[in-house]
Amino acid sequence: MTRTISVLGATGSVGKSTLDLIRRNRDEWRVVALTANCNVPELAALAQEFGAEVAVVGDESCVPALRDALGNCGIEAMGGAAALCAAAARGADVTVAAIVGCAGLAPTMAAIEQGGIVALANKEALVSAGDVMTAAVVRHGATLLPVDSEHNAIFQCLQGNRIEEVSCITLTASGGPFREWSQAQLDAATPAQAVRHPNWDMGAKISVDSATMMNKGLEFIEAFHLFPVGLEKLRIIVHPQSVVHSMVEYRDGSTLAQLGPSDMRVPIASCLAWPARMDTPCGPLDLAAIGKLSFFAPDEERFPATRLAREAAHAGGAAPAVLNAANEIAVAAFLAGQIGFTRIAIAVEEILSRDLPPAPATLDDVLAVDCEARARAAELLECA
Ligand code: NDP
């Protein structure tokens with residue numbers, strides 16, 4: 001039976017991994033919407049290859065170029081933030097929400113409101129708007145499946161078990177490219193070094209988040225919203241091999257873990273085929289070749305981001321959205337060569353220490369909190 005799919009963020013790392021799986025199973029899927037921000041050549045090529053109904057660019061100024069690139073092939077071209085939401089609102093059996101950053105919030109919400117399966121990669125959505133999003137999932141009868149490898153692992157380990165019987169959920173972290181670097185080395189780390197992740201091939205922003213460990217901090221908050229066990233039952237452990245993608249411990253002392261290759265096509269496939277399974281091109285896990293799996297407690301002196309995220313999660317209200325927005329601005333400034341690597345966490349902590357706005361109750365509230373925190377972070381970094 002053919003199912004319909006939309007991929008928001010189709011030209012990104014998760015988007016392309018998703019379309020690689022669709023490409024291998026073309027007769028099982030019909031593509032509704034593909035979106036990007038400004039990568040017109042790639043979006044147009046993908047839209048034509050997959051015969052999408054509509055191709056959308058977030059950057060409205062790219063619409064003429066998109067129309068030119070699509071020619072007369074009958075694919076609708078649209079642009080702008082409202083068009084991203086309209087594309088998501090067309091509804092599909094499965095929507096893969098893989099836009100990076102806060103720009104993904106409103107389109108993800110538009111997909112949730114259609115009540116289908118939303119395979120969520122955009123972690124900023126649950127971090128900034130966790131309460132609003134999870135309430136909308138219930139209200140609209142949508143199914144939220146986590147794409148992020150750690151949450152997907154936890155989701156798999158919870159199948160067939162009762163959440164009340166979980167004693168602890170442990171998110172694994174690779175530790176990133178700077179795991180063994182001294183403070184002095186971290187102070188001098190460059191964007192090129194930060195985006196070179198040892199195990200995963202990912203977009204620039206999440207790669208920097210992995211290097212600071214903010215990625216794990218964001219995942220901690222995400223896990224809190226996805227798996228209602230309470231913050232005190234969530235843990236983080238460093239596992240450099242990225243083979244164990246996360247673990248769930250139960251009250252009887254049993255720990256279930258999901259293992260697999262460091263390839264996002266595995267968790268994406270688990271969402272696309274859920275509740276069944278599908279083939280992927282990923283080779284089997286060769287544990288004998290890997291030989292050794294190691295685990296370490298996180299070092300929050302050198303990598304304070306996980307502490308900041310935990311504190312923001314405990315504070316609740318607007319704090320996680322402020323953390324996320326300040327981090328996005330600081331990471332962008334680091335990638336642009338404007339600030340040093342260790343300044344990212346310092347800037348986030350400074351913004352979080354200021355008066356926080358009231359807890360957001362709607363998506364618009366979240367976006368207002370996000371906007372203000374971005375302005376504050378930008379001002380702080382300009383003055384630095
Ligand atoms: P990429 O940077 O590789 O891709 C981002 C995608 O979003 C691109 O299609 C990009 O379009 C689009 N985009 C960027 N800005 C906007 C905007 N303002 N409006 C509309 N579209 C926009 O990111 P990743 O694929 O690495 O990550 C996507 C999300 O998934 C992130 O939230 C990340 O944290 C999460 N994630 C990623 C994982 C990974 O392995 N990569 C693992 C787990 C979660 P364009 O190409 O035109 O710029």
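The values are calculated or read from the model by the stated rules, or taken from the named source; none is laboratory data. This structure is a prediction, so every number in the text was calculated from the model and none was measured. Here the Cβ is made from the backbone with ideal geometry for all residues, glycine too, and neighbour counts use every protein chain on show. Areas reflect the complete protein model, heavy atoms only, side chains present, ligands, DNA and RNA absent. Shrake-Rupley method; radii C 1.70, N 1.55, O 1.52, S 1.80 Å.
So which residue, out of G80, G160, G316, gets the largest mean-square fluctuation from a GNM of the chain using Cα contacts under 10 Å as springs?
G160
Dipole of segment 84-202, Cα-centred, from +1 at each Lys and Arg C-beta and -1 at each Asp and Glu C-beta, to the nearest 20 debye?
On the way: 6 positive and 11 negative charges, 39 e Å.
The dipole of segment 84-202 has a size of about 180 debye.
Which of the listed residues, N37, P107, V56, is farthest toward the dipole's positive end in segment 20-112, when Lys, Arg count +1 and Asp, Glu count -1 at the beta-carbon?
P107
Taking square-rooted eigenvalues a ≥ b ≥ c of the alpha carbon gyration tensor, is the chain rounded, prolate or oblate, where a/c under 1.5 means rounded and, failing that, a/b exceeding b/c means prolate? List each step's numbers first, then the result.
Details: a/c = 1.43, a/b = 1.16, b/c = 1.23.
Rounded.
In terms of modelled amide H atoms, which long-range or inter-chain residues lie less than 5 Å from the amide H of Q241?
S294
Using DSSP, restrict attention to beta bridges with both residues in the chain and report what percent are antiparallel, rounded to the nearest 5.
Details: 11 of 40 bridges.
The antiparallel fraction comes to roughly 30 percent.
Work out the length of the dipole vector of the chain about its Cα centre, built from +1 on the beta-carbon of each Lys and Arg and -1 on the beta-carbon of each Asp and Glu, and round it to the nearest 20 debye. List each step's numbers first, then the result.
Details: 28 positive and 44 negative charges, 136 e Å.
Computed charge dipole of the chain: roughly 660 debye.
Take the chain, connect every pair of alpha-carbon atoms lying under 10 Å apart with a spring to form a Gaussian network, then pick out the residue of R30, R374, R354 with the largest mean-square fluctuation.
Of the options given, R354 has the highest mean-square fluctuation.
Report the one residue of Q156, A82, A326 whose Cα lies farthest in the direction of the positive end of the charge dipole of the chain (charges on C-beta: Lys and Arg +1, Asp and Glu -1; origin at the Cα centre).
With unit charges placed on the Cβ atoms, the residue in question is Q156.
Could you go through segment 87-100 in sequence order and give the Karplus-derived ³J(HN,Hα) for each residue, using 6.51 cos²θ - 1.76 cosθ + 1.60 with θ = phi - 60°, rounded to whole Hz, and x for Gly and Pro?
Residue by residue, segment 87-100 yields 5, 5, 7, 5, x, 8, 4, 10, 10, 9, 9, 10, 6, 7 Hz.
Which of Q183, S242, I339 sits closest to the plus end of the dipole of the chain, meaning its Cα is farthest towards the positive end, when Lys and Arg get +1 and Asp and Glu get -1 on the C-beta?
S242
Over the alpha carbons of segment 274-332, what is the largest minus smallest coordinate on each principal axis, giving the biggest first in Å?
43, 32, 26
Of the accessible area of segment 109-244, with the probe set at 1.4 angstrom, what percent is carbon plus sulfur? Write down the numbers at each step before the final one.
Details: 2300 of 4570 Å².
Of all accessible area on segment 109-244, carbon and sulfur atoms account for 50 percent.
Calculate, in whole percent, how much of the Cα-Cα pair population of segment 142-186 lies beyond 14 Å.
Numbers: 637 of 990 pairs.
Of all Cα-Cα pairs in segment 142-186, 64 percent lie more than 14 Å apart.
Averaged per residue, what accessible surface does the chain expose to a 1.4 Å probe, in Å²?
On the way: 15730 Å² over 384 residues.
Roughly 41 Å² per residue, with all protein chains present.
Would you kindly derive the ³J(HN,Hα) couplings of segment 315-329 from the backbone phi angles with the Karplus curve 6.51 cos²θ - 1.76 cosθ + 1.60 (θ = phi - 60°), listing them in order in whole Hz, with x for Gly and Pro?
For segment 315-329, the Karplus-derived couplings read 5, x, x, 7, 4, x, 5, 5, 4, 5, 5, 4, 5, 4, 5 Hz, x marking Gly and Pro.
Once R0 is set to 41 Å, what does the formula 1/(1 + (r/R0)^6) return for the Cβ-Cβ distance between E382 and R23, expressed as a FRET efficiency to the nearest 0.05? Let's see the in-between values first.
On the way: r = 44 Å, r/R0 = 1.07.
For E382 and R23, the calculated efficiency is 0.40.
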